[in-house]
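The values are calculated or read from the model by the stated rules, or taken from the named source; none is laboratory data. In this text, all values refer to a predicted model and were calculated from it rather than measured experimentally. Methodologically, a virtual Cβ is constructed for each residue, glycine included, from the backbone with ideal geometry; neighbour enumeration extends over all protein chains shown. We work out accessible area using only protein heavy atoms, side chains counted, and drop any ligands, DNA or RNA first. Shrake-Rupley method; radii C 1.70, N 1.55, O 1.52, S 1.80 Å.
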Amino acid sequence: GAVVSQHPSRVICKSGTSVKIECRSLDFQATTMFWYRQFPKQSLMLMATSNEGSKATYEQGVEKDKFLINHASLTLSTLTVTSAHPEDSSFYICSALPLGRIAKNIQYFGAGTRLSVL
Amino acid sequence: GDSVTQMEGPVTLSEEAFLTINCTYTATGYPSLFWYVQYPGEGLQLLLKATKADDKGSNKGFEATYRKETTSFHLEKGSVQVSDSAVYFCALNRYTGNQFYFGTGTSLTVIP
């Protein structure tokens, strides 16, 4: 089946540093990828929709300058958490929507990244 | 707005026990409903789905029926196995290709 690779799976960083998270579709192309964030004991909340070759669409309340998204190719989207602070500590997960699939509301998810900011 | 409410866990069952994880939703129109499963260290995987009222999704012994009158999509399995231990997410999607709305996830542990 379709595989989405997300890297790193876990990262610990100091406050003020930037962290980049990669989301790759390994065996299919995806013009659209999604970035979600999950707080403890809460549901996954959509942060932004990443479109290949264009600017990402951010959900209300998500700081675009804080969470930089780049979707430079049909198989890679990156999320960069800039100047990370402890409140950015969370579980981040990406998903990819395959190009040209008939059942287009099937998304494939990465394994997630656990970010801890000290 | 659209939302999904899922029973809180964690849930611990003995092998071969009956499983029910409740899920209700709020949405306008006719959303598609999904159950995703996340095994330890892995991404979310689609377990089953239903796209219209009274549809029953089924996979690997799991079933869920789309009940519009009660706005529910409860997950059931007649006899759970240790290998079913995972986190289960209920979700809805209103438009093809658009965002998903997820429940909080229910952690299931099955003990031998």
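Brief remarks follow.
- One residue stands out among those in region A:14-34 that are open to solvent by less than 30 Å² (accessible area, probe 1.4 Å) and modelled with pLDDT of 95 or more: the one that is farthest from the other protein chains (Cβ to nearest Cβ), which is A:VAL19.
- Against the list (1) in contact with a Lys or Arg (Cβ under 8 Å, 6 or more places away or on another chain); (2) more than 22 Å from A:GLN38 (Cα to Cα), the condition B:SER14 fails is (1).
- Residue identified as in a strand (DSSP E or B), away from chain A (no Cβ under 13 Å) and of a type outside the set (S, T, N, Q) among B:LEU47, B:LEU108: B:LEU108
- Filtered by the rule that a residue be open to solvent by 40 Å² or more (accessible area, probe 1.4 Å) and either away from every other protein chain (no Cβ under 11 Å) or among the hydrophobic types (A, V, I, L, M, F, W, C) (or both), region A:35-50 gives A:PHE39, A:MET45.
- Residues located in region B:15-67, provided they are under 15 Å from B:PHE100 (Cα atoms) and in contact with a helix residue (DSSP H, G or I) (Cβ under 9 Å, 6 or more places away or on another chain): B:VAL37
- Some residue of region B:58-71 being over 22 Å from A:GLN42 (Cα atoms), open to solvent by 30 Å² or more (accessible area, probe 1.4 Å), at the interface with chain A (Cβ under 10 Å from one of its Cβ atoms) and not basic (Lys, Arg): no
Conditions (1) surrounded by fewer than 18 Cβ atoms within 10 Å (Cβ to Cβ); (2) in contact with a Pro (Cβ under 8 Å, 6 or more places away or on another chain); (3) farther than 12 Å from A:ALA48 by Cα; (4) at pLDDT below 95, marked per residue:
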position: A:HIS71; (1), (2), (3), (4): no, no, no, yes
position: A:LEU79; (1), (2), (3), (4): no, no, no, no
position: A:THR82; (1), (2), (3), (4): yes, no, yes, no
position: A:LEU99; (1), (2), (3), (4): yes, no, yes, yes
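- The set of residues in region B:1-40 being open to solvent by 80 Å² or more (accessible area, probe 1.4 Å), outside any strand (DSSP E or B) and touching a Phe, Trp or Tyr at 6+ places or on another chain (Cβ under 9 Å) consists of B:GLY1 alone.
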